[in-house]
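Asker: Here's a structure for you.
What follows draws every value from the coordinates through simple rules; no lab data is involved. Keep in mind that what you see is a predicted model, and the values were worked out from it rather than measured. Quick reminder, even Gly has a Cβ in these numbers, built from the backbone with ideal geometry, and neighbours come from all protein chains shown.
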Amino acid sequence: MNTIDSKKQTPAWPAIALVVVTLIFCLLVYTFAHEGGHALAVALFGGTLTGFNINFLDFSAHVHYSGDFSRAQQAVISAAGVSLPLLLWTLLALVSFRRGSAALGLVKIAITMITINTLLAWIILPLVALGGQVVSDDSTRFLSITAVPPVLLSLAAVLVYLGGWALLVASLGGWRGLVAYRQTLTTLTMAQARGALIAMLVIGGLVGAAAAGISLAAGNAAVSAPDGYSQTAQLDLGARAYDREAVYTFTLERPASASLYMVLLDVRSGPLRITLVGPDGAEQTFLSVDSPDFATGQSTVNPTGLALESGEYQLLVTAPGSGGTLTVFARIEP
């Protein structure tokens with residue numbers, strides 16, 4: 001009769017804890033690599049990182065940046081988020097998928113599922129865009145920048161997706177290797193589970209610390225309104241479109257100096273215009289972008305020291321309603 005050595009069996013709770021921690025750990029690492037890909041591309045093209053967040057729990061992970069980028073560079077920045085994790089995963093699959101403990105195998109399977117399946121957005125959302133419904137995503141931003149036919153982009157993503165799974169199977173030694181690899185997960189011991197949990201907590205802490213450091217550095221680079229300015233308007237440019245709509249109105253009883261400070265954040269398309277109109281048909285345009293390919297992580301418009309006559313003034317905004325925010329600050333001096 002076969003017997004089982006109960007001392008070598010792993011209790012249920014460490015196995016469950018290992019699965020939960022593994023999923024959280026892999027999501028953290030993937031999100032760091034994804035946003036890091038965007039940030040790395042921005043840095044390579046001479047841009048400035050103004051925001052870095054890897055909080056995947058409430059889907060608020062993002063990178064904000066500013067800089068003057070060509071259309072090709074904007075396309076690379078959009079694609080870098082999905083590309084860097086795929087590159088790192090490919091290296092992992094080629095180098096170490098056949099080696100390691102059962103606990104490490106669980107990590108490899110989880111990171112594989114997360115990394116490869118993120119390509120589904122690049123497969124599905126371009127096809128959704130064909131029906132006129134555009135979902136804000138790296139893939140749709142890539143489409144708007146490059147004007148690549150959606151079907152072609154979706155097909156390319158399908159090929160990469162299938163290639164990823166083929167590489168996984170090949171790196172494990174074929175289908176037999178895949179079955180054998182799955183069977184190794186049943187050999188998990190208590191010591192392996194405990195060691196894996198400790199290792200992921202330590203590495204996860206280091207990743208979190210690195211992300212916090214990058215976020216702090218990016219926050220210090222972000223531009224805030226100078227002293228003496230008051231916020232007068234904040235627009236959610238993704239909620240609706242604006243067509244020469246007055247977003248800030250002020251009246252001068254006598255001639256005065258007016259300083260305006262406007263911050264654009266995560267705007268992904270044009271046309272975009274910001275104009276100040278005043279009495280007797282006076283009009284001054286601060287920003288005029290006609291191209292639908294306009295994009296900025298964070299940028300500012302700062303027309304300071306405007307000598308204005310008495311009368312009523314309105315700040316007019318035109319924006320397509322495709323996303324981002326516009327915050328307006330003002331300082332009026334006699």
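Asker: Working out 0.36 nm times the residue gap between residue 95 and residue 58, then minus their Cα-Cα distance, what length gain in nm do you get to one decimal?
Answerer: Using 0.36 nm per residue and subtracting the Cα-Cα distance, I get 10.0 nm.
Asker: Find how much the distance from residue 257 to residue 231 grows on full extension, using 0.36 nm per residue of separation minus their present alpha carbon separation; answer in nm with one decimal.
Answerer: Working: separation 26, 0.36 × 26 = 9.36 nm, distance 1.70 nm.
Taking 0.36 nm per residue and subtracting the Cα distance, the gain is 7.7 nm.
Asker: Amide H neighbours of residue 293 under 5 Å, counting only residues 5+ apart in sequence or on other chains, H built in-plane at 1.01 Å?
Answerer: So residue 293 has HN proximity to 270.
Asker: Going by a ≥ b ≥ c, the root eigenvalues of the Cα gyration tensor, does region 114-173 fall in the rounded group (a/c under 1.5), the prolate group (a/b larger than b/c) or the oblate group?
Answerer: Since a/c reaches 1.5 and a/b is larger than b/c, the shape of region 114-173 is classed as prolate.
Asker: How many nm is it between the label spots at residue 16 and residue 169, if each spot is 7 Å from the Cα in line with the beta carbon?
Answerer: Inter-label distance under the simple model: 3.5 nm.
Asker: While we're on this one: Tell me the label-point distance for the pair residue 239, residue 306, using the 7 Å Cα-to-Cβ offset, in nm and rounded to one decimal.
Answerer: Computed distance between label sites residue 239 and residue 306 equals 2.3 nm.
Asker: I've got another one for you. Could you work out how much longer the chain between residue 87 and residue 155 gets when fully extended? Use 0.36 nm per residue separation minus the Cα distance between them, nm to one decimal.
Answerer: Fully extending the segment from residue 87 to residue 155 adds 22.5 nm.
Asker: If you take the square roots of the eigenvalues of the alpha-carbon gyration tensor of region 23-132 and sort them as a ≥ b ≥ c, do you get rounded (a/c under 1.5), prolate (a/b over b/c) or oblate?
Answerer: Prolate, since a/c reaches 1.5 and a/b exceeds b/c.
Asker: A further question follows. By the gyration tensor of its Cα atoms, with a ≥ b ≥ c the square roots of the eigenvalues, what is the shape of region 230-333: rounded for a/c under 1.5, prolate for a/b over b/c, or oblate?
Answerer: Numbers: a/c = 2.16, a/b = 1.84, b/c = 1.17.
Note, shape of region 230-333 comes out prolate.
Asker: Separate question: State, to one decimal in nm, how far the label point of residue 212 lies from the label point of residue 191, with both points 7 Å from Cα in the Cβ direction.
Answerer: Taking the simple label geometry, residue 212 and residue 191 are separated by 3.4 nm.
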